Amino acid sequence: MARIWIFGQDVNTDQIVPGRYAPYMLKDESELRRYPFVEHRPEFAATVWPGDILVAGPNFGCGSSREYAPQALKLVGVGAIIAPLFARIFFRNALNLGIPCFTADLRDQLCDGDEVALNLEQGVICTNDGLRISLPHPEAFMREIWAAGGIVPYYRQYGRFPGERTLTG
């Protein structure tokens, strides 16, 4: 089971991880796990469960293109992010790190703290009260990257990027 964390619109990368907690400001990059939403929702880092799902309004991840914002979410185990619109570079950084992002607005269907099950293969969220929510079906290459844990693990496993042709002799 995963819990739902509801956020509003225009959640920017400074709200996700303020700049003063950038990895180069820390003694060890693993400390980054202490700072997601440290000012926006101070309880988040200490109480998030691996697999929890962020549900937000439009323009999630806007602002600067700090890769450490989605990295902090990965370090605490965020299982997916669902928003009607993502900042393009945040979406790409999340994909590269293996964090599933779905483009949908579920803020009227889910509540903060709801316990749900997410089936990534089927693209379905099931709530405890029997609600079944279908998510947009992601491209095959995205599912492959998620399954591998990110673009770097994917490349290490397959020796190529998704969709890349191999040259034969």
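The values are calculated or read from the model by the stated rules, or taken from the named source; none is laboratory data. Owing to the predicted nature of the structure, the values given are computational and were not obtained by experimental measurement. Positions of Cβ are backbone-derived with ideal geometry, glycine not excepted, and every protein chain shown enters the neighbour counts.
Within the stretch 92-119, if we keep just the residues that are touching a Gly at 6+ places or on another chain (Cβ under 7 Å) and over 20 Å from Arg132 (Cβ atoms), the residue that is surrounded by the fewest Cβ atoms within 10 Å (Cβ to Cβ) turns out to be Asn96. Restricting the first member to the stretch 5-22 and to residues that are farther than 17 Å from Arg88 by Cβ and assigned by TED's automatic domain parsing to the domain that holds Ala117, and the second to residues that are part of a helix (DSSP H, G or I) and not hydroxyl-bearing (Ser, Thr, Tyr), the beta-carbon pairs closer than 6 Å and six or more apart or on different chains are Val17/Ala69; Val17/Ala72.
Contact map, the stretch 147-159: residues that are small (Gly, Ala, Ser) paired with residues that are exposed (fewer than 15 other Cβ atoms within 10 Å of the Cβ), Cβ distance under 6 Å, separation 6+ or inter-chain. Pairs shown: Ala148/Gln157.
Put simply, of Gly61, Gly57 the only residue that is surrounded by fewer than 22 Cβ atoms within 10 Å (Cβ to Cβ) and outside the structural domain of Trp146 (by TED's automatic domain parsing) is Gly57. Condition check for Gly98 on (1) on the phi > 0 side of the Ramachandran plot; (2) at pLDDT below 95: one failure, at (2).
Taking the numbered list (1) assigned to a helix (DSSP H, G or I); (2) over 28 Å from Pro162 (Cα atoms); (3) of a type in the set (A, V, I, L, M) in turn, Ile89 passes all entries but (2). Picking from residues in the stretch 120-138 that are surrounded by 12 or more Cβ atoms within 10 Å (Cβ to Cβ) and more than 17 Å from Leu54 (Cα to Cα), the one that is modelled with the highest pLDDT is Leu131.
Is there a residue in the stretch 90-113 that is touching a residue at least 60 places away in the same chain (Cβ under 8 Å) and closer than 20 Å to Leu32 by Cβ? Scanning the stretch 90-113, I find at least one residue that is touching a residue at least 60 places away in the same chain (Cβ under 8 Å) and closer than 20 Å to Leu32 by Cβ, so the answer is yes.
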